[in-house]
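Have a look at the structure below, then the notes.
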Amino acid sequence: DSARADADADADAAEGEGLSKSQRKKRARQARWEAKKAQRKAQEKQQRQLAKRHHLQERQAWFDGLSEEQRADVKAASAAARDARQRGKQQQRERLAAAAEGSEWHVVVDLALGAGRMQPKEAKSLVQQLRSCYAANRRAERPACLVLAGVQESGLEAQLEALRYRDWHLVRQPASFQHAYQDRLQDVVYLTADSEVELQDLSPREVYVVGGLVDRNRFKGLAASAAAEHRVRT
C-alpha cells in the first residue's frame, strides 16, 4: 500500500545516509506506523463528522414532529441552558483572571530547564501537558496563579502560539523563574523526585516550581541540579 511504499522510500533514503540495515528497518517500521496513525486519525475524524451529521438530522426530524407549543418550550429550554453555560464560562474567566493577578498560590513551570534538551516528540508532549495543566487549573474552584517562565529561551513559542496560549489566563514570563522571583527565592520550592525532602503540605507562602522537561529519564538529577545552582529548596 501507499504507507509501505512511503516507508520503503524512506528506508532507501536512509541507506544513502549511511545507516545500518537494522537502523533502516527500524526507520521503515516507524514510517509505516506514522502513516497508519495518520490514516486512522483521518478515518476517525470522518466517522465523527458522519455521526454528528446523523445526530443533527435525527434531532431535526424529531423537532419537526413537535407542535408549535412544544417547539417554543424546546427553544426556551435551549436558550436557558445556553445562557447558563455562558455565565459559567464568564465566572471561570473571572476566577482565572483574578488568580493570575493576585492568587496566593503560585505554580511555575520552568520552561528554561528543557531548552535545547528535548527531541521534537518530547517538546510536543510537553506542550500538550501544558495545555492539560492549564485546562485543569481553569476548571478548579480555586485556581492557582499559573506561570510559564523562560518562554523565550524554551524554543516552544511557535507551538504555544499554535494553541493560542496568549488567550490563556496565566502569567507569561519571558525570563527564567529566578529572575521573576528574585525577591522571593527563599520562598521557592523546586519540585523534583530527587529531593530528600518529601512534600507533606502545600503553603500559600511558597512558590512551587516544576521543571518543563520531557526527557524519558535521560537527564536524571537535572531539576535538583538547577535548584542547587539557583540556591532554592527542593
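Assuming ALA38 fulfils every condition listed in (1) under 30 Å from LYS121 (Cβ atoms); (2) outside any helix (DSSP H, G or I); (3) hydrophobic (A, V, I, L, M, F, W, C) apart from one, which condition is it?
ALA38 satisfies all of (1) under 30 Å from LYS121 (Cβ atoms); (2) outside any helix (DSSP H, G or I); (3) hydrophobic (A, V, I, L, M, F, W, C) except (2).
Only one of (1) part of a loop (DSSP other than H, G, I, E, B); (2) free of Cβ contacts under 8 Å to residues at least 12 places away in the same chain fails for ALA135. Which number is that?
(1)
Among the residues of the stretch 73-100, how many are open to solvent by 50 Å² or more (accessible area, probe 1.4 Å) and in contact (Cβ under 8 Å) with a residue 40 or more places away in the chain?
The number of residues fulfilling the criteria is 2.
Working only within the stretch 174-231, note down all residues that are in a loop (DSSP other than H, G, I, E, B), open to solvent by 100 Å² or more (accessible area, probe 1.4 Å) and either in contact with a Phe, Trp or Tyr (Cβ under 8 Å, 6 or more places away or on another chain) or closer than 14 Å to ALA112 by Cα (or both).
LEU202
Among GLN152, GLN159, which is among the polar types (S, T, N, Q), within 23 Å of VAL188 (Cα to Cα), within 21 Å of the chain's Cα centre (by Cα) and open to solvent by 60 Å² or more (accessible area, probe 1.4 Å)?
Criteria check complete, one pass: GLN152.
Taking the stretch 157-184 only, how many residues are modelled with pLDDT of 85 or more and under 24 Å from PHE219 (Cα atoms)?
2
If you go through the stretch 172-230 one residue at a time, how many are over 21 Å from LEU156 (Cα atoms) and not aromatic (Phe, Trp, Tyr)?
Residues meeting the conditions: 33.
The values are calculated or read from the model by the stated rules, or taken from the named source; none is laboratory data. Fair warning: this is a prediction, and the values are worked out from it, not measured in the lab. Reconstructed Cβ throughout: ideal geometry from the backbone, glycine too, with neighbour counts over all protein chains shown. Accessible surface is based on the protein model in full, side chains and every heavy atom, while ligands, DNA and RNA are left aside. Shrake-Rupley method; radii C 1.70, N 1.55, O 1.52, S 1.80 Å.
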